[in-house]
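The structure under discussion appears below in the form of structure tokens.
The values are calculated or read from the model by the stated rules, or taken from the named source; none is laboratory data. The model shown is predicted, which means the values in this text are computed figures rather than measured ones. Counting neighbours? That spans all protein chains shown, and the Cβs are built from the backbone with ideal geometry, glycine included.
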Amino acid sequence: MTSVQGQRTTPAAQAALLRVDDLAKSYGGVHAVAGVSFDVLRGRITGLIGPNGAGKSTALGMVAGAIKPSRGSVLLNGTNVAGWPSHKIARRGLARTFQQSSDFAGMTVTENLLTARYGQRGDTLRGALLGRRYWRAEQESLTARAADVIARFDMARMANEFAGNLSGGQRRLLEIMRALMTEPEILLLDEPMAGVNPALGERIEDYLLQLKQDGLTMLMVEHEMAVVERLCDPIIVMAQGEILAEGTMEQIRSDQRVLDAYLN
Amino acid sequence: MFVHAIGFGIVTAAVMALAAVGFTVQFGVTNILNLAYGDVMTASAFVAYVSHSAGLNPWWGMVLGGLFGAVFSVLLNRFLYTPFIRRGARLFTMIIVTIAVSLILQNCLQAIWGPDFVSANMSAGASVHMLGMIFTTSQLILIAIAAVALAGLHGLLRYTRLGKAMRATASDPELARNCGVPTRRVIDGAWLLSGLLCGLAGVALVTELGSFDFTTGSAFLVPVIAAAVLGGVGQPYGAMLGALVIGLATELAGTYFDPTYKDVVAFGVLIVVLLIRPQGIFAEVASQKEVAA
Amino acid sequence: MSLAWSFYISTVLVYLGVDVMACWGLNLQYGYTGILNFSFIIYQSAGAYVAAVLTLGPNTAGSFQQYIGGANLPFPLPIIAGGIAGGLLSAVAGVIALRRLRSDYQAMVFLVISLIATAVVTSDVGLFNGPAGLSLIPQPLSTALNLSLVGYRWFYVGLTAVICLIIYAFLRLITSAPLGRSLRAVRDHEQGAAALGKNVTGLRMTSFVIGGVIAGISGAVLVEFISAWSPGGWLYQETFVLFTALIVGGTANNAGAALGALLVPVAFLEGSRFLPQFGPPGLIDALQWVAVGLMALIFVWFWPRGLLPERRRIIKLPGLPQAGTGQP
């Protein structure tokens, strides 16, 4: 059974929300990512780990559109988005967080959430000039949704605080909440636990598991092995721009190439 | 005419090279875009002017101007720029700060010496013919001074510890910081050297121009930055090359087109370089480094 | 009120209105969208020159000033045309300069654009009469209204106020709508905004061009009042005065921008007019600039967010009565 585009529509392919094929990035003579291929399966949290300089963040950046690939394809729900600017990929249902939290520091938590959704009525110049009556209803329903998200993540107390005044962990949480406001198909997380205190980190883990149970697909780059072990399946290991292994934590643990890479 | 223009271009380039190398050394080490640099040049020129009025030999004025530039720059960084940076000022805040300093300095000079042009009072000396170009003696001395100063800098950068530390910081600040560099000494050293070259260049510039006012240095700043950026930030040899290119280009443009468009050439080069040249300028390739204090 | 005072106060009020408009325009670009537009003054100037040329009438051979174009358009067309000119020039500059660049380089590019504009207008005498600039520009509606000299001035104050209100209403529509939030998102974290599907370049251009239109209108309004405009009046330092006004007054809020406009260009610079003349000519001007520079430094150090900082927008959340501004 083949589709019009000639893709393999095997059950495996259908289960993959994101298919990366031979994705590579070179800077001058340096191969940051030397041609990686992997699938991110629907409803799973796929982990992407590896020692420093492995190219994990570069790979993530290419998938999200922040970095232009030197070659390769990125199929998001069947469409090749490789090389697209990040805002266009985001409109296709891809949300992401950043290594250094990208929350909008000069706006409140609620404003951060309200600004997330693309395509709001009052978001164009024409829409703004048409006045409050044009966009008010939509804003009210967005505000209700934001209230739900805030309640779900126990952030009610900080709802009208400037995002810049939140703690590091709270800002990371805000980033995730904001991504959810866009109702994404897939969420890319770039080291979500970095710089987060353990208590808040546990909360974030719980939330991520809940989101997975709700059916959200995720790809997570992370350094903390304990977190990866608890949350991710499958796990992809990268080193020096290439994929070394892919599998469950036990499989990874016993893979010789992985051990070599980490011990070196 | 072409060859004469080249001759002028070489003199301009010599002065510009002094200034551009000074600028790039400081910018490379500290990552602060110091828009007051041109005005320090003007101030140094006024110091030389005062010393000349007091009866000293004009070439002594150059030494004094250089010293003034060096000391003033170190103090400016220590007491103004560094405190702001310690407070967490970001790149664009520093732009406001340096422009403010530029305006303050420039207008203090105007307040003291008035808005009119002042003569640099240098006798040009006999004309010398070389390779079809005509130079005055003082122009040749300027070129020689520039060459000596730059050679001295080359020696310092290559053979002294301070120089090596500065080069390391300019090429990879993260790594340098992790290795314990830049210490305060390296930063002070960078400002000192940069200020010295700035002062020398300021006096050389007004000597070459013959007369100057409180805006002369800042008018020269954009071509200097263009030369420094063209050659690669933090690369002294690049800045020298950039100065040669821009010095020649502006003189040729001035000769063949409207002389008032001379400046526009330098402006245009700077914009094109900032917008197009990828090395260390585009946000994608070099991450936005923060300032060093 | 004596005639002299009347003249003076009405003049100051017109300048205030123009500076407030200009600060609002720059505030949209810098305060809301984070664009370090160090070339702002040239868009105000474009508006002024175009409005002047469209009021002066066609350039005749024997005229004492040369310029391109020329028509005798009735009020308010020259002012509208001034706004359009500011917007068009902004569009051109924006296409060139609005791209991902480290912020100080970006400021530098804009600064150099400003220098190029000054150089071009000063050297090309056929463009806008070079360094001498344009003068004897007829004031709008002066013959039609047939007012006394002072009466006309107060009329113009009213006109300026009306235009200010229109611009204010327009800006309110933009900044209170979701579009205003998108602009601030671009200001706060460009990559984060893009990751939410926002077209950062498009948003920047929108803000930049609208700011340019406002700049152009402010220039047109001013030139039609003072009847003259020359390069010496719009050097790159003038943009710095407006930035200082925003730093002092407070960014990203229109009240702060207006306050800054009142305090810096108007109260401070106009106020020093009242000092007894001392020292050689040019000394007071020079000291004024020193003071503006010091003001900028002092405020950036002590009150970086200005006298009226951007206020927190508190939103009521349904079902969450305890939604607060949270400290424990």
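Quick notes
- Selection count where residues are assigned to a helix (DSSP H, G or I) and more than 10 Å from every other protein chain (Cβ to nearest Cβ), scope segment C:87-106: 9
- Within segment A:60-87, considering residues that are assigned to a loop (DSSP other than H, G, I, E, B) and of a type in the set (A, V, I, L, M, F, W, C), the one farthest from the other protein chains (Cβ to nearest Cβ): A:Ala82
- Criterion (buried (at least 17 other Cβ atoms within 10 Å of the Cβ) and either closer than 14 Å to C:Leu297 by Cβ or among the β-branched types (Val, Ile, Thr) (or both)) met by exactly one of B:Leu91, B:Leu109, B:Leu64, B:Leu76: B:Leu76
Condition check ((1) touching a Phe, Trp or Tyr at 6+ places or on another chain (Cβ under 8 Å); (2) over 23 Å from C:His189 (Cα atoms); (3) surrounded by 21 or more Cβ atoms within 10 Å (Cβ to Cβ); (4) not acidic (Asp, Glu)) across all residues:
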residue: A:Asn165; (1), (2), (3), (4): no, no, no, yes
residue: A:Met193; (1), (2), (3), (4): no, no, yes, yes
residue: A:Glu205; (1), (2), (3), (4): no, yes, no, no
residue: A:Leu219; (1), (2), (3), (4): no, no, yes, yes
residue: A:Glu222; (1), (2), (3), (4): no, no, yes, no
residue: A:Ala226; (1), (2), (3), (4): no, yes, no, yes
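- Condition check for C:Leu36: within 29 Å of C:Glu310 (Cα to Cα) and either in contact with a strand residue (DSSP E or B) (Cβ under 7 Å, 6 or more places away or on another chain) or surrounded by fewer than 21 Cβ atoms within 10 Å (Cβ to Cβ) (or both): no
- Residue pairs whose Cβ atoms lie under 6 Å apart, sitting 6 or more positions apart in sequence or on different chains, and linking a residue in segment A:161-190 that is closer than 26 Å to C:Ile314 by Cβ and touching a residue at least 40 places away in the same chain (Cβ under 8 Å) to a partner that is among the basic types (Lys, Arg) and not in a strand (DSSP E or B), are A:Met181/A:Arg117; A:Thr182/A:Arg117.
- Just one of the listed residues (C:Ile84, C:Ile68, C:Ile80, C:Ile113) is surrounded by fewer than 23 Cβ atoms within 10 Å (Cβ to Cβ), within 11 Å of chain B (Cβ to nearest Cβ) and either in contact with a helix residue (DSSP H, G or I) (Cβ under 8 Å, 6 or more places away or on another chain) or among the hydrophobic types (A, V, I, L, M, F, W, C) (or both), and it is C:Ile113.
- The single condition among (1) crowded, with 17+ Cβ neighbours inside 10 Å; (2) free of Cβ contacts under 8 Å to residues at least 12 places away in the same chain; (3) away from chain B (no Cβ under 14 Å) that C:Ser123 does not meet is (3).
- Within segment B:79-88, the set of residues being within 10 Å of chain C (Cβ to nearest Cβ) and crowded, with 18+ Cβ neighbours inside 10 Å comprises B:Phe84 only.
Results for (1) within 13 Å of another protein chain (Cβ to nearest Cβ); (2) in contact with a Pro (Cβ under 9 Å, 6 or more places away or on another chain); (3) more than 21 Å from B:Asn107 (Cβ to Cβ), shown as yes or no for each residue.
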| residue | (1), (2), (3) |
| --- | --- |
| C:Ser207 | yes, no, yes |
| C:Gly216 | no, no, yes |
| C:Val241 | yes, yes, no |
| C:Ala267 | no, no, no |
| C:Ala291 | yes, no, no |
| C:Ala296 | yes, no, no |
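- Among the residues of segment C:32-85, those that are under 30 Å from C:Ser182 (Cβ atoms) and aromatic (Phe, Trp, Tyr) comprise C:Tyr32, C:Phe38, C:Phe40, C:Tyr43.
- Screening C:Thr143 on (1) modelled with pLDDT of 85 or more; (2) closer than 27 Å to C:Val157 by Cα; (3) among the β-branched types (Val, Ile, Thr) shows it passes everything except condition (1).
- When residues of segment C:55-70 are limited to those that are in a loop (DSSP other than H, G, I, E, B), in contact (Cβ under 8 Å) with a residue 40 or more places away in the chain and not β-branched (Val, Ile, Thr), the one nearest to C:Leu136 (Cα to Cα): C:Gln65
- Any chance A:Gly29 is in contact (Cβ under 8 Å) with a residue 60 or more places away in the chain, among the small types (Gly, Ala, Ser) and assigned by TED's automatic domain parsing to the domain that holds A:Ala226: no
- Within segment A:88-100, considering residues that are in contact with a Leu (Cβ under 8 Å, 6 or more places away or on another chain) and outside any loop (DSSP other than H, G, I, E, B), the one surrounded by the most Cβ atoms within 10 Å (Cβ to Cβ): A:Leu94
- The lone exception for A:Gly106 - which of (1) assigned to a loop (DSSP other than H, G, I, E, B); (2) buried (at least 18 other Cβ atoms within 10 Å of the Cβ); (3) away from chain C (no Cβ under 14 Å) it fails: (3)
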